[in-house]
Amino acid sequence: MNDYIFDTGSELGQDHLDHLGRLLDTPTTWRLDRLGLTADMRCLELGAGSGSIANWLAARTREVVAVDIDTTQLYDVAPGVQVHRYDLRDGLPVDGPFDLIHARLLLLHLPEREQLLTRLVDALAPGGHLVLGDITGRPLDVVAVPDPADRDLWEKIQHLSHHVVSPARGVSWTWARETPERMTAAGLVDVDVMQYSLTSAGGTDGCLLHRNLNQQAEPLLLAAGATQDELTRYRALMLNPRFRAWFYELLYTNARKPA
């Protein structure tokens, strides 16, 4: 049951990645830019998705190895980006060392995350940076609802999504907060964490992403206790500009391998 819930190779999957890019690429590039990227760096981009971060890195570094288990959306990459369709649980498609390894919203989905972290540390060059961005299990509190009943609906769907469906598929909502300690235990230094979050209104990318994920996970949510009517009402709520709630909290942890 430890299979990824979402199909990033589908049309819904493309929209999924587009929403994520518009929501998170700005804090991601801000975080990476603060590392002091140089033109001689070799980078490993894991869970590359649509390639937006791989392309951004390629404009600033020597080489980017972009890896994803499904590379359907990695069709428009910049020169200097090597695309590999590969399952990280089987190892790395190319040998290190790498001056920068980045993964966003990847390890929280993989039950083997602790072993994978060790593998990534081993693939770092001396002085190289490991940058991991994952979301936490912080409750997505409602800020405003069109109708009081909408709050109950939101809370039920969030509960089923985050406490029933996703843990059964190997997702960890505690991993993001555990990452700094794990990096330190793996021998990395200069461990630092950035926190990022925002509110999202119906019809904007955050709520459209919730709607999209709800559509992709429909069979699992129905099996977990949601009704078709509830899913229909939830998706309509995600389009209503009078609805607003906190979006996911993203924690970016970066550390350096001693030179």
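Placing unit charges on the Cβ atoms only, positive for Lys and Arg and negative for Asp and Glu, gives the chain a dipole magnitude near 460 debye about its Cα centre. Each principal axis of the Cα cloud of the range 11-256 was taken in turn, and the coordinate range along them, longest first, works out to 55, 37, 31 Å.
In the chain, helices alone account for a calculated mean residue ellipticity at 222 nm of -11000 deg cm²/dmol, with every DSSP H run of four or more residues adding -39,500 (n - 2.57). In terms of other Cβ atoms within 10 Å, ILE5, ILE135 run from fewest to most in the order ILE5, ILE135. The residues packed around VAL142, meaning those with a beta-carbon under 11 Å from its beta-carbon, carry a net charge of -2 if Lys and Arg are +1 and Asp and Glu are -1. Can you classify the range 196-259 as rounded, prolate or oblate using the Cα gyration tensor, where a ≥ b ≥ c are the square roots of its eigenvalues, rounded means a/c under 1.5, and otherwise it's prolate if a/b beats b/c and oblate if not? Oblate.
The numbers here are math on the coordinates, done by the rules we state, and not lab data. Please read these numbers as outputs of a predicted model, since none were measured by experiment. Note: ideal-geometry Cβ built from the backbone for every residue, glycine included; neighbour counts use all protein chains shown.
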